[in-house]
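Below: the structure, in structure tokens.
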Amino acid sequence: MSCCAAPLISDSARETLSASRIALLEDLRANSKQLVDGRVTYLLSAPAIHCGNCINTIEDSVTKIDGVTDVRANLTMKRVSVTLDDTNRSLLPVLQALEGLGYATQSLTAEEAGGSDPEFKVLVRSLAVSGFAAANIMLLSVPVWNGAEGATKELFHFISALIAIPCVAYGGMPFFRSAIAAIGRRRVNMDVPISLGVTLATGMSMYESFIGGGHAYFDAATSLLFFLLIGRVLDHLMRARARAAAGNLARLSSKGGFVVNEAGELTYMALDAINPGMRLRVSAGERFPVDGTVVEGTSDVDRALVTGESEPQRVAHGSGVEAGTLNLTGPVDMLATRAARDSFLAEVTQMMAAAERGRSSYVRVADRMARIYSPVVHLLALTSFTGWMLWTGGDWHQSLTVAVAVLIITCPCALGLAVPVAHVVSASRLFANGILLKDGSALERLAAIDAAAFDKTGTLTTGEPAVALCQIPEGAVAAVAKALALRSVHPAARALARHLQGLAETRVTELHEVPGNGVEGMFDGKRVRLGRGTWVADIAQRRDSATGQGVAFAMEGDELWLTTLTERTRPGARALVAALEQRHLPVTLLSGDGQTQVAAIARELGIADVHAELKPGDKLAFLTTAAQAGRKMLMVGDGLNDAPALAAAHVSMAPASASDIGRTAADFVLTQNNLTAVAFAHRVAQATGRVVRQNFALAIVYNVLAVPLAMSGQLNPLIAALAMSSSSIIVVANSLRLHLLRPEAGAAAVQAGSPQSMIAPLAKEAHA
């Protein structure tokens, strides 16, 4: 949130604006986000966005405004992201430009409060009206098709006209409004040829009815609208589903929380008013409102949102918690570390809304084709009309019929749907399996990889050591060791504490941590130590094993006991390496750890190419060298030290447990523990590329076959309407095949119906 940003309007300008406009600007200001370089990003809702041409129009026009550094329009979310170069810049010119283009804007707050979707209601009503008209006119046309002549034919034509004219006027309104707005701005979009074709077909049919002509195409006009509206309703439903997924995530967040003041009193604050550093109390059954750290109390927390694990996790002093996770068993106090807009939940929601923002080569091709398509359509129709007028010696009826058929059949709807539908379906499929796509272009880049590189700690492994062998005898001795382990935040001590968690606690006094060595205290009049072997051996009986590897524990004058630790690999790590090798994608292990530890994990997972003791610059240099050699590498890492490598890789992934910078640098974020999700994402990316290419081929083949037939007079407007609508339906149906993709064998499966299933699978573990 950027509440400290400068006002978006001056006092003098404020006097000339309406109250609603001022309220909108203030709401946008309150929900803006200030970037580290001083720029400010505003997110606006633009419900009128409905096609790829809308995106091009908005981005091209708004980019030209002084002070605007970045513009992104999102078709699925129907939102516009605008970045201004200075906090003192006014957003008013942007709003005025959008309204001038025909895209009325509103704040996200108003969007959320809107409830039902008015645009969808209009589309459904228009669909019902056009369907009613088309069905009835088809019935009335049967006698005409069967040879009715004279007054009978004229009667049926007039009845059809009485049905068609008001139905076309109402059912075609979604297209007419868009076309009129585009023409008013001296532009053309996909709705212009549709509107022109429907209007000409209706007008020509009315003329024929009045003069008693033999042809009327009221059935073609209404059927065209009917099939076009079916496609638009289906497209709207699909995108509404994607918007609902992001909205459901947002609803996992609390509306506010109870802040604890210095006197221990509780005060309820709205979510936006909670700032880092505040102490909050979260009761059992409530969700954590923001990201933070537990400072008092213990509880079980449902963190499936983050980890994909359905089993509750224990949290205590020092444990991190994320916004949206559910507190299950007991009240805890937490210290807020990030504001609501910067929380992990907000980050996930933003990533869900970003699936279409990328500008892959496919999108760029589709954009260029769509830009020139409408003028070409009109040119072809004009050429057809002129050619037939010359060929028939001035038969305007036949010439106009052919021109109308050309206008209808060359509508670029299939082309406009080729890429975005496939990307949205793929993003939804990945999302359902615990993989968040941040950029639509990442799908194309992931499909093109020829090698993969992985970090070790926190990526291939869980990042937490586990006890492999514990020499500490059970009973009182182990209870003392547990008390010392609970005092330390060192990963080795935490691993030992987890190993001994079933033991009863015992009291150890004078507990304190010695930096670099371990923890010591007093028990039963004796000094006790846990930590580095050589340090612990100073109070124990000297043994040759005193300098052995692992965590040492001793009571003064007694034996020294050693605990050996090991790293646990993530579920599915071995299966992932095998799957990538099977696809001829060699795997490289890049780690900053010592050679011994790295080699052990590499042997366990079957990785031959191993690089240990690497600094962040070394990882970056490795990927840069690979890129210069023409290799397209996938990088999977989690830590702060991996961020440069993630940014430099051809495409990158990071687990949800990664650092903030790591998640920001990555193109994909994995919210489940099972690493087979990486292989599944690669398979989805390859399938998406194939589907997009197929969609382009279908659209091109359709036009290559249909346009000559229409221009040669072989297709009347009715057949043209059916053919054009069928091409769009085929493209959408082909894209929906991506929903059939299933995760790799051994991967966790998503269970529908629970809030957690929207983020990650709920399986505890999969076999490696």
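Summary of values
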read-out	value
Residue selected from segment 577-617 under the condition surrounded by 14 or more Cβ atoms within 10 Å (Cβ to Cβ) and of a type in the set (Asp, Glu), by the criterion farthest from Glu464 (Cα to Cα)	Glu581
Total residues in segment 444-467, condition touching a strand residue (DSSP E or B) at 6+ places or on another chain (Cβ under 6 Å) and small (Gly, Ala, Ser)	4
Residue within segment 654-664 that is at pLDDT 80 or above and under 24 Å from Val587 (Cα atoms) present	yes
Filter pass, Asp367 being at negative phi and modelled with pLDDT of 75 or more	no
Residue that is modelled with the lowest pLDDT, among those in segment 270-285 that are buried (at least 17 other Cβ atoms within 10 Å of the Cβ) and either under 17 Å from Ala339 (Cβ atoms) or not basic (Lys, Arg) (or both)	Leu271
Residue ranges of helices (runs of 4 or more DSSP H) in segment 563-653 with at least 1 members among the basic types (Lys, Arg) and touching a helix residue (DSSP H, G or I) at 6+ places or on another chain (Cβ under 9 Å)	573-582, 616-628
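The values are calculated or read from the model by the stated rules, or taken from the named source; none is laboratory data. Every value quoted in this text rests on a predicted model; they were computed, and no experiment measured them. Heads up, the Cβs are rebuilt from the backbone with ideal geometry, glycines too, and the neighbour counts pull from every protein chain shown.
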